[in-house]
Structures are given as structure tokens and as C-alpha cells.
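Encoded as C-alpha cells, the structure appears first; notes follow it.
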Amino acid sequence: GIAFLDGQYLPMSQAKVSVLDWGFLHSDATYDTVHVWNGRFFRLDLHLDRFFGGLEKLRMTIPFDRDGVAEILHNCVALSGHRAAYVEMLGTRGASPTFSRDPRQAINRFMAFAVPFGSVANAEQLQRGLRVAISDKVRIPPASVDPSIKNYHWLDLVRGLYDAYDRGAETALILDFNGNVAEGPGFNVFCVKDGKLSTPAIGVLPGITRRTVFDLCAEDGLVAAAADVSVAALKAADEVFITSTAGGIMPVTEIDGAAIADGKVGPVTGRLMVLYWQKHDDPAWS
Ligand code: PMP
């Protein structure tokens, strides 16, 4: 992979950041990850919107505008030589030259990198569906309070993952403050009941893949709503799937050791997976 740091394109192994950077010390950073498929970015504009929105809310400034960032991302991909890549853009508070505790003294930093695509779910998991455990860990601020700022803070999600591994599951879902289902380590969740889709409404990252599912549903005449999803409703659903840039639409066929419906990937999930990948070849969606 190739990184962009301090005005230079570097091999990933040479892209190093100071331990004094507040992004590292205080999770004082925002980032976004976008997917390249067949050499083409998928929904880059939406990722840039979310990234620049986060920078503005955190009152960080970087020396590039949207076009400048897009050009750097394209260059990282071109230099890496990968036709399928994950591309990440990052803004951090940076470090203060005087070690001041005043964030206004810090010199904000922008970085980016492109690494080869490696889906979070493998082919076998996509075919049979993932085994998920619901952890009792709760999605905590800042992610749950201002989820539009995409931040690295994952303590709750990582603890949820360990709960899931302890129980023999492959990944985890954690809860919101009311005990409803929130999201997982790097993904949103949907369920399908009687042909209607729902996904948690509050306290979760407004995922671009989640948004893409709404767009696909609108095109395909499916009804999708953002609303509370209780643990019981999720387990009683006809179909469940999770969504992320790093994996697309991924079926879930088992929750807490029990099959969802007949335990097979359902028809709505299967159809959305096909549509999702078809859109990657559609220039209108790049
Ligand atoms: N929730 C969390 C906590 C995430 O980190 C991510 C992906 N980074 C998502 C959901 C999925 O968002 P997207 O579809 O934009 O990748």
C-alpha cells in the first residue's frame, strides 16, 4: 500500500506518526474509509461529505479542499497499483510544539493511505451467513452522541468482540442506551420482517453502505425504515444482514447460537448483495 503524509507519498512501512499526536493520545481525530473496485471509487462524494463534516465539527483545518483530498486519494490508489483497495483519509488534531493542552495550539494533520482490498467477510461466510453474538456492551459517547463524527474510538466495540469470541461467534453487535441493538465493530445492521427492512435510527454511525441500502430499496420498491430494533425483534426477523464499506452487504444467519428463520441467506439479502455489487460498475454511483 501507499500512504500520503506531510506532502509525500510513501510505502506504508515508512508512514509513521508521532506518539504525541492527539489523534493517538486522545482519539482526537476523524477519518473515513472508501472502497475502490475495478479502479473506480464507490460513492466518494458521500465519504468526502462525511469527512469534511467531521473536520468542521471538530474545528480542524487541513491544507486541502475536497478536490485536493480526492486527488491525493486517487494518487495513493494509482501509486499502489491496486485495482481493488481500501482507501482511508484521516484528520488528526496533531501535536502542539510546546506540549500545550490548548487544542488551538496543535498543528492539525491530514494523512491518507490505500491498501489492498481484503473483505471483512470471506466467501464462505458470505455464502452461509455470519454467526453473531449480541454483547451487553453499550455504544458510548462520542460515537453514540454525535455519531456523524466518524472517530476511532472503539473500546465498547472491541469489548463486544471479545464477548462474541468467548461465545464462539464471529462478530458482535452491541447495544444503545435503551438496550436496543446499535451497531457492530465497523458495521451497521438491518433486519427484514414481512418484506420490510429496519435499521437502528439513533446513536449509530450514519454508514454510507447503510445509506446505499436505502437507495437500493428506493430503486427496487422495497420499504426501509430507520427505527429502534430490539434484541427480540432482531432474533425474530426473517432476515438479518450487516453493512460496511469494508464488506458491503453481509448476511447474518445465526444470533447467539440460534438460527435466524431457516438459517439460510434470505432472498431480500441475496438480492441486495447482487444489486450492491452491480452498482460498483455503474459510473453514476462512483
Ligand atoms: N459503524 C461503525 C462503528 C463503523 O466504524 C463503520 C465503518 N467504518 C460502519 C458502522 C459502517 O459505515 P460505512 O458503511 O460508511 O462503512
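The values are calculated or read from the model by the stated rules, or taken from the named source; none is laboratory data. Owing to the predicted nature of the structure, the values given are computational and were not obtained by experimental measurement. Glycine gets a Cβ as well: all are built from the backbone with ideal geometry, and neighbour counts include every protein chain shown.
Side notes on the structure shown:
- Test: A164 is part of a loop (DSSP other than H, G, I, E, B), farther than 16 Å from A233 by Cα and away from the ligand (no atom under 13 Å from the Cβ): no
- Scanning the range 167-186 for residues that are surrounded by fewer than 22 Cβ atoms within 10 Å (Cβ to Cβ) and within 11 Å of the ligand (Cβ to nearest atom) returns P185, G186.
- Selection within the range 180-209 - small (G, A, S), over 11 Å from the mean Cα position of the chain (by Cα) and under 19 Å from L155 (Cβ atoms): A182, G203
To keep it simple, each residue is scored yes or no on (1) farther than 30 Å from A201 by Cβ; (2) assigned by TED's automatic domain parsing to the domain that holds I208; (3) touching a His at 6+ places or on another chain (Cβ under 9 Å).
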residue	(1), (2), (3)
H82	yes, no, no
G91	no, no, no
F99	yes, no, no
F110	yes, no, no
R139	no, yes, no
P142	no, yes, yes
V145	no, yes, no
D156	no, yes, no
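- When F42, F64, F99 are checked against the criterion of being surrounded by fewer than 21 Cβ atoms within 10 Å (Cβ to Cβ) and at pLDDT 95 or above, a single residue qualifies: F64.
- Subset of the range 195-209 [among the aliphatic types (A, V, I, L, M), at pLDDT 95 or above and near the ligand (Cβ under 7 Å from one of its atoms)]: I208
- Filtering R139, R128 for residues that are on the phi < 0 side of the Ramachandran plot and more than 16 Å from the ligand (Cβ to nearest atom) leaves a single hit, R128.
- Scan of the range 226-258 for residues that are of a type in the set (A, V, I, L, M), away from the ligand (no atom under 16 Å from the Cβ) and in contact with a helix residue (DSSP H, G or I) (Cβ under 9 Å, 6 or more places away or on another chain), ordered by number: I255, A258
Here's the yes/no breakdown for (1) more than 18 Å from F117 (Cα to Cα); (2) within 16 Å of the ligand (Cβ to nearest atom); (3) in contact (Cβ under 8 Å) with a residue 24 or more places away in the chain:
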| position | (1), (2), (3) |
| --- | --- |
| V19 | yes, no, no |
| T33 | no, yes, yes |
| G68 | yes, no, no |
| R83 | no, no, yes |
| G94 | yes, no, yes |
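- Just one of the listed residues (R93, R50) is more than 17 Å from I208 (Cβ to Cβ) and either surrounded by 20 or more Cβ atoms within 10 Å (Cβ to Cβ) or not acidic (D, E) (or both), and it is R93.
- Apart from one condition, V192 fits all of (1) more than 16 Å from the ligand (Cβ to nearest atom); (2) in contact with a Pro (Cβ under 6 Å, 6 or more places away or on another chain); (3) not in a loop (DSSP other than H, G, I, E, B); (4) not acidic (D, E); the exception is (2).
- Test: residue in the range 210-223 that is buried (at least 22 other Cβ atoms within 10 Å of the Cβ), without any contact (Cβ under 8 Å) to a residue 60 or more places away in the chain, over 17 Å from the mean Cα position of the chain (by Cα) and within 15 Å of the ligand (Cβ to nearest atom): no
- Cβ-Cβ under 6 Å pairs, at least 6 apart or on other chains, the range 258-286 side under 20 Å from A236 (Cβ atoms) and in the same structural domain as H35 (by TED's automatic domain parsing), far side of a type in the set (G, A, S) and in a loop (DSSP other than H, G, I, E, B): none
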